[in-house]
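What follows draws every value from the coordinates through simple rules; no lab data is involved. What you are looking at is a predicted structure, and each value in this text was computed from that prediction instead of being measured. Every residue, glycine as well, gets a Cβ built from its backbone with ideal geometry; the counts of neighbours run over all protein chains shown.
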Amino acid sequence: MKKILYPATIAALTLSAMSAQAVVIANWTFETSIPLTAGPFAPEVGAGSALGVHAGAATYSSPAGNGSSHSFSSNTWAIGDYYQFSVSTLGLSNISLTFDQTSSNTGPRDFGVFYSTNGVSFTQFGADYQVLPNAAPNPTWNATTSSPIYTFNYDLSSVTSLNNVSTVTFRLQNTTTVAANGTTVAATGTDRVDNVIVQTQAVPEPASMAVLGLGVVALIRRRRSK
C-alpha cells in the first residue's frame with residue numbers, strides 16, 4: 001500500500017529539517033593562527049576570538065595538536081587561569097562546545113567550563129573535568145593521528161540564556177593545583193587545547209518560514225483542486 005504524505009505532514013517534516021540544521025559558529029584548529037602569544041586569535045572557520053589569560057608570566061606556544069600540526073599551549077598555570085573563546089549566537093540556539101585538551105605530566109589536571117553573556121559574570125556548567133596527561137600509557141598528541149580519549153563534548157542546549165546573544169564567552173578554567181600525574185602543578189607544566197568547536201542548531205529565519213508557508217499553501221490548493 002502506497003503511503004501518502006499529506007500537506008500538514010510535509011510541513012512538519014520540512015520544519016523539523018530546517019530547525020535541525022547544524023551550524024558551526026567557530027572552529028579553532030590553530031593551523032593558520034599558530035599561536036605564539038596570548039592572542040586574541042580568530043578561528044580558522046567561522047567568526048570569534050580566542051585568547052589565553054594567566055596571572056603569571058606564561059609562555060605560549062603551538063606544539064602538535066590532536067591529529068594536527070598545531071595547538072594552543074601555555075605554561076605557568078595557577079588556579080583561575082584559562083583559555084577563552086568568544087562567539088556570537090545571534091539567531092541561533094541549542095549551543096554545544098567540543099574541544100580536545102591535554103597536559104604534560106606536571107601540567108594542570110582539573111578544569112571547569114564556564115560561560116558568560118556579558119563577559120563579566122561567569123557561571124560554571126556542570127562539575128570539573130579532568131585532563132589526561134600527554135604521556136604513556138596514553139597515546140601522545142602528534143600531527144597525524146587523533147585520539148578521542150582527549151575529546152570533551154558539552155551539550156549546552158539547556159542553557160537558554162546562551163541563545164540569540166551578541167557575544168557568548170566560554171572559558172576552560174583551571175580549578176585546582178593538582179597536576180595531570182596527581183602531583184602538584186609545576187611552573188614548567190603545560191596544557192594545550194585543539195579543535196575547539198562552538199556549534200549550534202539554526203533557528204529558521206522569518207524569510208525561510210514565509211517561503212515554506214507559501215509552498216504549503218500552494219500544495220494544499222493543488223490537492224483541493226483535484
* To do: Work out how much length Thr160 to Asn27 would gain on full extension: take 0.36 nm times their residue separation and subtract the Cα-Cα distance, in nm to one decimal.
  => 45.7 nm
* **Sites Gln124 and Ser93, calculated FRET efficiency, Cβ-Cβ separation with R0 25 Å, nearest 0.05** => 0.75
